[in-house]
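Input: a single structure, listed below in structure tokens.
The values are calculated or read from the model by the stated rules, or taken from the named source; none is laboratory data. Computed from a predicted structure; not experimentally measured. Methodologically, a virtual Cβ is constructed for each residue, glycine included, from the backbone with ideal geometry; neighbour enumeration extends over all protein chains shown.
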Amino acid sequence: PVQYENNAHCVWVITAMDPGKFLPTIVELAPSPETLILNLGLIFFLSLLFFFPQVIKLSFEEFDLERGYDTLTVGDGGKIGDTRRVLYVLTGSSVPDLIVSLSNQMWLHLQSDDTIGSAGFKAVYEEIERGGCGDPGVPAFGRRSGDRFQHGDVLTFFCQSAFELVGERSITCQHNNQWSGNKPSCVCKYLSIYLSIYLSIYLSIYLSIYLSIYLSIYLSIYLSICLSVCLSVCLSVCLSILMYFICFFHCFYYSFLLFFLPLLSLMLLQLHGPIRDYIVS
């Protein structure tokens with residue numbers, strides 16, 4: 001199927017052979033025995049078609065519509081949109097079971113909204129005799145008891161030893177040409193065990209790899225940021241202390257040059273005279 005457009009309104013009408021339009025009009029005044037036998041056989045064949053007209057069996061191979069917003073309505077007859085003749089309104093992604101019409105005509109109406117579109121559907125149809133529901137098929141990994149599909153016939157389904165039946169075990173062909181239930185499916189009995197083991201192994205491996213990668217990346221980034229911040233703070237503090245000592249040294253040095261050195265010189269000059277007199281005497 002090809003993805004359908006938004007706001008789509010597509011209509012299909014399927015028509016089987018209408019035997020009511022064919023009437024025996026064979027007239028011959030003096031037929032030969034061979035012609036008479038041939039005409040009687042033809043009349044008998046047409047009468048069978050008249051009393052047992054064809055209906056339509058519709059089977060879906062693929063089905064994918066936006067659930068709840070895009071719908072495919074299947075109805076009986078040739079009057080499109082007749083709500084009294086609606087057989088099914090389909091939506092979602094589950095492939096429907098076969099649908100059989102009540103007359104020799106069936107109509108389909110696909111309607112979509114103005115948002116997301118899906119893949120659409122793929123269906124095949126064929127003519128079958130009136131009074132039956134059509135072959136619903138056999139589930140995978142299973143078998144079926146019953147080969148008739150006329151009104152009142154019952155089909156019973158079974159699964160292989162390693163599988164269990166999901167759905168109705170027996171379905172009956174009803175007079176509306178529909179089966180009383182959908183075809184069941186066969187599911188592995190140990191599927192839950194397999195899934196739990198698979199998920200546990202997968203999750204353990206995935207989590208170990210994910211956590212190791214995540215932690216390594218996270219720790220490397222975290223440590224690099226912490227180290228850079230710590231180093232920057234330590235360096236800034238050390239530089240601040242160093243600048244403090246440099247400023248203190250400069251202040252002390254210039255204070256010594258400006259104040260203590262002249263004072264010391266003056267004191268030496270005052271002491272120079274007594275020392276000289278003492279040396280001379």
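Please determine whether any residue of region 56-63 is over 20 Å from PRO136 (Cβ atoms), in contact with a Leu (Cβ under 9 Å, 6 or more places away or on another chain), charged (D, E, K, R) and not assigned by TED's automatic domain parsing to the domain that holds PHE149.
The answer is no; no qualifying residue exists.
Scanning region 134-191 for residues that are over 28 Å from the mean Cα position of the chain (by Cα), assigned to a strand (DSSP E or B) and not hydrophobic (A, V, I, L, M, F, W, C) yields ARG143, ARG144, SER145, GLN150, THR156, SER170, THR172.
Please work out if ILE99 is within 26 Å of the chain's Cα centre (by Cα), loosely packed, with under 14 Cβ neighbours inside 10 Å and either not assigned by TED's automatic domain parsing to the domain that holds TYR4 or not basic (Lys, Arg) (or both). So ILE99 fails the test. Scoring SER94 on the criteria (1) surrounded by 14 or more Cβ atoms within 10 Å (Cβ to Cβ); (2) closer than 23 Å to ASP64 by Cβ; (3) without any contact (Cβ under 8 Å) to a residue 40 or more places away in the chain leaves a single failure, condition (1).
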